[in-house]
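Chemist: Here you go, one structure.
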Amino acid sequence: DAPTALAMHPTGTRLYVARNNTSLVAVVNCSTHAVVRSVTTSGGPCALVYNETDDKVYAACYSGNRLAIIDATRDSLRALVPTGEGPTALCWNSVNDKVYCGHEDGAWLLVVDGVGDTVLPGPRSEDATSLAYAAAVNRVFVGGYESMRILDGATDSVIAYGPNDAAALLGQQRREQM
């Protein structure tokens with residue numbers, strides 16, 4: 001039941017804690033340090049991300065093969081979205097209000113619209129095991145076991161692809177922009 005991921009509400013009043021060997025995301029009151037609610041998701045929540053625009057918490061549920069969407073206003077489960085095998089990573093695109101979910105099944109990167117929680121067409125991603133978002137340039141960085149991609153955050157198209165070498169890939173992107 002050890003915590004595997006944390007997400008802080010922007011007010012600093014609540015902390016969301018993924019408990020990997022359960023199906024629970026605990027909601028902790030940051031003033032009292034007490035668990036005020038446990039939200040049942042799908043098996044093995046292992047990554048969390050908070051969507052400030054829509055006041056939602058997303059949980060990648062590894063053994064349940066789902067993305068749990070939690071309404072942070074009510075601290076209740078809003079939806080479960082199938083992800084493919086072994087979701088492991090999340091990031092939120094704050095400019096375009098989208099959530100990205102990486103998983104191990106070697107197919108597509110799951111992209112979810114933040115407003116309606118609908119699945120959008122996502123780019124091919126052989127093994128999206130780590131994700132990061134850079135709002136200043138509206139780029140999503142997708143890392144995998146053997147490769148890395150950079151996506152345009154508006155279109156979700158791959159703008160750079162290469163071996164799992166971040167420095168080389170960023171250099172390639174810079175040369176292509178010149």
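The values are calculated or read from the model by the stated rules, or taken from the named source; none is laboratory data. What you are looking at is a predicted structure, and each value in this text was computed from that prediction instead of being measured. Counting neighbours? That spans all protein chains shown, and the Cβs are built from the backbone with ideal geometry, glycine included. These area figures cover heavy atoms from the full protein model, side chains too; ligands, DNA and RNA do not enter into them. Shrake-Rupley method; radii C 1.70, N 1.55, O 1.52, S 1.80 Å.
Chemist: Quick one: dipole size for the chain, taken about the Cα centre, charges +1 on Lys/Arg Cβ and -1 on Asp/Glu Cβ, in debye to the nearest 20.
Modeler: Values: 13 positive and 19 negative charges, 70 e Å.
So the dipole magnitude of the chain works out to roughly 340 debye.
Chemist: What list of ³J(HN,Hα) couplings, whole Hz, do you get for segment 100-105 from phi and the Karplus terms 6.51, -1.76, 1.60, once you set θ to phi - 60° and write x for glycine and proline?
Modeler: Once rounded to whole Hz, the list reads 10, 10, x, 8, 8, 7.
Chemist: Thr129 to Cys30: FRET efficiency via 1/(1 + (r/R0)^6), r the Cβ-Cβ distance, R0 30 Å, to the nearest 0.05?
Modeler: With R0 = 30 Å, the Cβ-Cβ based efficiency is 0.50.
Chemist: Can you give the accessible area per residue of the chain, in Å², using a 1.4 Å probe? Please list the in-between numbers first.
Modeler: Working: 8150 Å² over 178 residues.
Heavy-atom accessible area per residue stands at 46 Å².
Chemist: Could you point to the residue in Tyr133, Leu15, Thr4 farthest towards the positive end of the chain's charge dipole, with +1 and -1 charges on the Cβ of Lys/Arg and Asp/Glu respectively?
Modeler: Of the options given, the answer is Leu15.
Chemist: Okay, moving on. Could you work out the local net charge near Tyr16, counting Lys and Arg as +1, Asp and Glu as -1, over the other residues with Cβ closer than 11 Å to its Cβ? Provide the component values of the computation, followed by the final result.
Modeler: Numbers: positive: Arg14, Arg19, Arg37, Lys56; negative: Asp75.
Result for the local shell: +3.
Chemist: Could you tally the net charge around Tyr145, taking each other residue with its Cβ under 11 Å from the Cβ of Tyr145, Lys/Arg +1 and Asp/Glu -1? List each step's numbers first, then the result.
Modeler: Numbers: positive: none; negative: Glu104, Glu126, Asp127, Glu146.
Charge balance in the 11 Å sphere: -4.
Chemist: Of the candidates Ser157, Ser76, Ser31, which one comes out as most mobile in a Gaussian network treatment of the chain with C-alpha springs shorter than 10 Å?
Modeler: Ser31
Chemist: Taking the chain as a Gaussian network, where each spring joins two C-alpha atoms under 10 Å apart, which residue of Tyr145, Tyr16, Tyr50 fluctuates the most?
Modeler: Greatest mean-square fluctuation among the candidates belongs to Tyr145.
Chemist: Also, I was wondering about something else. Between Val119, Val39, Ala59, whose Cα lies farthest towards the positive end of the dipole of segment 1-130 when Lys and Arg beta carbons carry +1 and Asp and Glu beta carbons carry -1, centred on the Cα centre?
Modeler: After comparing all options, I get Val39.
Chemist: Could you give the nm distance between label points at Ala79 and Asp105, where each point is 7 Å from its Cα heading toward the beta carbon?
Modeler: Those two pseudo-labels are separated by 1.7 nm.
Chemist: Working out 0.36 nm times the residue gap between Ala154 and Asp113, then minus their Cα-Cα distance, what length gain in nm do you get to one decimal? Numbers along the way, then the final one.
Modeler: Numbers: separation 41, 0.36 × 41 = 14.76 nm, distance 1.18 nm.
Contour length minus Cα-Cα distance gives 13.6 nm.
Chemist: Quick one: length gained pulling Tyr161 to Glu52 fully straight, 0.36 nm per residue minus the C-alpha distance? Please report the intermediate quantities before stating the final value.
Modeler: Numbers: separation 109, 0.36 × 109 = 39.24 nm, distance 2.94 nm.
Extra length from Tyr161 to Glu52 when fully extended: 36.3 nm.
Chemist: Any chance you could check the Cα centroid distance between segment 121-150 and segment 22-38 for me, in angstrom?
Modeler: That distance is 30 Å.
Chemist: Hey, another quick one. Top mean-square fluctuation among Arg149, Arg124, Arg74, Gaussian network model of the chain, C-alpha springs under 10 Å?
Modeler: The residue that fluctuates most here is Arg74.
Chemist: Follow-up question, since we're still on this one. Taking Cα atoms, how many degrees apart are the long axis of helix 166-177 and the longest axis of the chain, rounded to 10 and kept between 0 and 90?
Modeler: Rounded to the nearest ten degrees, it is 60.
Chemist: Can you tell me the relative contact order of segment 54-162? Whole percent, Cα pairs under 8 Å, sequence separation 6 or more. Intermediate values should be presented prior to the final figure.
Modeler: On the way: 275 pairs, mean separation 17.9, N = 109.
Here the relative contact order equals 16 percent.
Chemist: Another one. Please work out the ratio of the alpha-carbon Rg of the chain to 2.2 N^0.38 Å and round it to two decimals. Mind dumping the intermediate values first?
Modeler: Working: Rg = 16.2 Å, N = 178, 2.2 N^0.38 = 15.8 Å.
So the Cα radius of gyration is 1.03 times the expected 2.2 N^0.38 Å.
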